[in-house]
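To start, the structure itself, in structure tokens.
The values are calculated or read from the model by the stated rules, or taken from the named source; none is laboratory data. Since the model is a prediction, treat every value here as computed from it, not as a measurement. Cβ: placed from backbone, ideal geometry, glycine included. Neighbour counts: every protein chain shown. Surface areas here come from the heavy atoms of the whole protein model, side chains and all, with no ligands, DNA or RNA. Shrake-Rupley method; radii C 1.70, N 1.55, O 1.52, S 1.80 Å.
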Amino acid sequence: MGSASSGLHTRPRSAVRRRFDQLLREVAKFGAVGGAGLLVNLVTFNLVRHATGLQVVRASVIATVVAIVFNYVGFRYFTYRDRDRGGRTREMTLFVLFSAVGLVIENGVLYVATYGFGWDSPLQSNVFKFVGIGIATLFRFWSYRTWVFRTLPAEEPATEPEPGAVLRTRAVLDAEAQAGAERAPARARAN
């Protein structure tokens, strides 16, 4: 005899499990865009720093702005493409606002390391830029998903009626039709 649960009756995933799976997908997409943005940020930082001779934090701010623009495109059209697209002005304003806070966090760490502790070798600058990006990324993930790229209202999943519900409905309809047919001759005789 075969098992009664051989795939015929699979349990639907719970709402908590679906939300957890959705969050995992979102984190993976955010990480993919963020990882590419990290490369853009670090490459731009080192190019600007060595090609222009700008001070470390100024070169870092330029690199951060370039990465912010890159990340917006990635987040809007990849990570959060299924999110509400209404109110683009509001979205852009909040994105710039929260990105600016992230820029301050990221470059604040580099500033303290460079000017507070004197750690300004190319290796140290890159390490503290990376640490600043990591801290700012936590803030950005929370703020972007909470305020900038809002979730669309959830659609109610289509539910199938219980097998007996269709029969009960048909039975009720048949009974009403029968009762109506029985009343029709009585009404006709009364007129």
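Things to note:
- Note on residue 68: accessible area approximately 30 square angstrom, rounded to 10, probe 1.4 Å, nucleic acids and ligands left out.
- Computed E for residue 127/residue 96 - FRET, C-beta separation, R0 45 angstrom, nearest 0.05: 0.95
- Extension gain from residue 43 to residue 146, taking 0.36 nm per residue of separation minus the Cα-Cα distance: 34.2 nm
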